[in-house]
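K.L.:
The structure under discussion is supplied below as structure tokens; questions concerning it will follow.
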Amino acid sequence: MARVTKPEDRVTKAHIRIMTSPEFCMFSGVLSIGGVTFTKDIPTACTNGRDVFYNPDFIKTFGNKELVFLVLHENMHKVLQQLTIWNTLFKEDARLANIAADYVVNGQIKDADPDEQVAVMPKCALYDKRYKDMTTKQVFDLLKKNPPMGGQGDKGETLDSHDWEGAQEMGKEEKQELQKQIDHALRQGEILRGKMSGNRHRGVDRLLQPKVNWREQLRDFITSVSKTKDMTSFKRPHRRFVGQDIYMPSMIGESIHKIVVAGDLSGSIDEQTERMFLTEIIKICEDLTPDTVELLWWDTAVQGHEIYSYGEYDTIFQRTKPKGGGGTTVGCVNQFIKDKRLTPDVVIIFTDGYVESDWGGTWTHPTLWAITERDMVSPHGKSIHVTSDNS
């Protein structure tokens, strides 16, 4: 008599297959985030963006490679943080939000494994190559213009269900912790992918890659505000050669000793933008390697003040505690710098641009503004525009 494999064992084997495949090994850490529950209280499978639920009877209808696809599907919802980032779409049209989320997830899985070496897409899954490389919002907007008809044959149903309400029941700190865990897992996954010579994943690249070349921006900005400062400086020798007793000049970006970075966390900043700010802040530290970064989180007042030294920048994702949610008064950052007698070489402000009309008054230190709204420009320092583009 053939041995019947338990659904729990089959899902565990699917996890192992994902973790050992070059196509999807970068998601190994994400698989361990949240809980996995088997229950007949749901018809198919479900996630709230952290925990995953499977109906054991539903699992029985899948072959092994199809089950791998289903497991990837649930965890890609987690990777892209769709249920927390795009809850506004769910509130606008729940059905279209569900469909858009599945189109994006299924498309990214299929793109990563086009020959179905690891995962086979179930026949009931939504897929349309027209949505290749689109975000959930972009697909949603297209679906609004041409809503799909109801019924499976018209691509009107999704592979699983999505617990949008459960995602919103998480508190702000829970969501922030989940974001940190996912970001950390993906960065560790990228290291594993490199060791296994795995395939790059465009969806992950879009999440982790910054939008700004900060070395170039800071070099151009500081050169413009300090005409007498040369592009190279012996003020701080280049770190790469000091150990060899060779003293080479460092580029201007590498001769920055202290940076103050201030992130706007007022009520108008959504979770997607907050995540983008944090990604850019990490990249600033990695690119410029200053001696010290003083990170400020603010709304109408500076709500958080964190200090990181050279060698600690890879811990920011785990250690930072973003705080805010109130109104917007960027002048609080200016006053905080004066009150604490901070002496940064440059101040970088992340904001959507909806600040007081004088943009915080007169700024003593060179100030670079990273603004999400393209029609907003600060009268002080230099303004650049950044955008968030999560799936």
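Every read-out reported here was derived from the displayed coordinates using simple, explicitly stated rules and does not represent laboratory data. It should be emphasised that the depicted structure is a prediction, and the values quoted were computed from it without experimental measurement. Please note: Cβ atoms are built from the backbone with ideal geometry, for glycine as well, and neighbour counts cover all protein chains shown.
K.L.:
Could you calculate the FRET efficiency of Ile307 with Asn64 from 1/(1 + (r/R0)^6), where r is the beta carbon distance between them and R0 is 51 Å, rounded to 0.05?
P.N.:
0.50
K.L.:
Which of the aspartates and glutamates could a cross-linker bridge to Lys323, judged by Cα under 18 Å and excluding same-chain residues fewer than eight apart?
P.N.:
Output for Lys323: Glu173, Glu174, Glu177, Asp264, Asp270, Glu271, Glu274, Glu280, Glu294, Asp299, Glu306, Asp352.
K.L.:
Could you pull out the trypsin sites (Lys or Arg not before Pro) across the range 101-138 that fall in loop regions by DSSP (anything but H, G, I, E, B) with no more than 10 other Cβ atoms inside 10 Å?
P.N.:
Lys123
K.L.:
Relative to the present Cα-Cα distance, how much length would full extension add between Arg341 and Glu92 at 0.36 nm per residue of separation?
P.N.:
Here the segment from Arg341 to Glu92 would lengthen by 84.9 nm.
K.L.:
Give the long-range amide H neighbours of Asp93: residues separated by 5 or more places, or on another chain, with amide H under 5 Å away, using H modelled in the peptide plane at 1.01 Å from N.
P.N.:
Under 5 Å from the amide H of Asp93: no residue qualifies.
K.L.:
Measuring from label point to label point, each 7 Å out along Cα→Cβ, what is the Glu356 to Asp220 span in nm?
P.N.:
3.1 nm
K.L.:
Once you sort the root eigenvalues of the Cα gyration tensor of the range 7-208 as a ≥ b ≥ c, which label holds: rounded (a/c under 1.5), prolate (a/b larger than b/c) or oblate (the other case)?
P.N.:
Rounded shape, in that the Cα axes give a/c under 1.5.
K.L.:
Could you tell me how far the Cα centroid of the range 296-332 sits from the Cα centroid of the range 109-140, in Å?
P.N.:
So the separation of the two Cα centres works out to 37 Å.
K.L.:
Ok, one more. If you take the square roots of the eigenvalues of the alpha-carbon gyration tensor of the range 258-391 and sort them as a ≥ b ≥ c, do you get rounded (a/c under 1.5), prolate (a/b over b/c) or oblate?
P.N.:
Taking the square roots of the gyration eigenvalues as a ≥ b ≥ c, the range 258-391 is rounded.
K.L.:
Using each residue's phi in the range 280-288, evaluate 6.51 cos²θ - 1.76 cosθ + 1.60 at θ = phi - 60° and report the 3J(HN,Hα) Karplus result to the nearest Hz, with x for Gly and Pro.
P.N.:
Each residue's phi maps through the Karplus curve to give 5, 4, 4, 5, 4, 5, 5, 6, 9 Hz.
K.L.:
Can I ask one more? Can you list the residues, at least 5 places off or on another chain, whose amide H is less than 5 Å from the amide H of Phe38, using H built in the peptide plane?
P.N.:
Residues meeting the amide H criterion: Tyr54.
K.L.:
HN-Hα J couplings of the range 292-305 from phi, Karplus 6.51/-1.76/1.60, θ = phi - 60°, integer Hz, Gly and Pro as x?
P.N.:
Each residue's phi maps through the Karplus curve to give 9, 10, 9, 9, 10, 10, 9, 9, 8, 8, 6, 8, x, 10 Hz.
K.L.:
Looking at this model, which pairs from Lys78/Lys144; Lys6/Lys172; Lys110/Lys145 are more than 31 angstrom apart at the alpha-carbon?
P.N.:
Working: Lys78/Lys144 24 Å; Lys6/Lys172 37 Å; Lys110/Lys145 25 Å.
Table pairs above 31 Å Cα-Cα are Lys6/Lys172.
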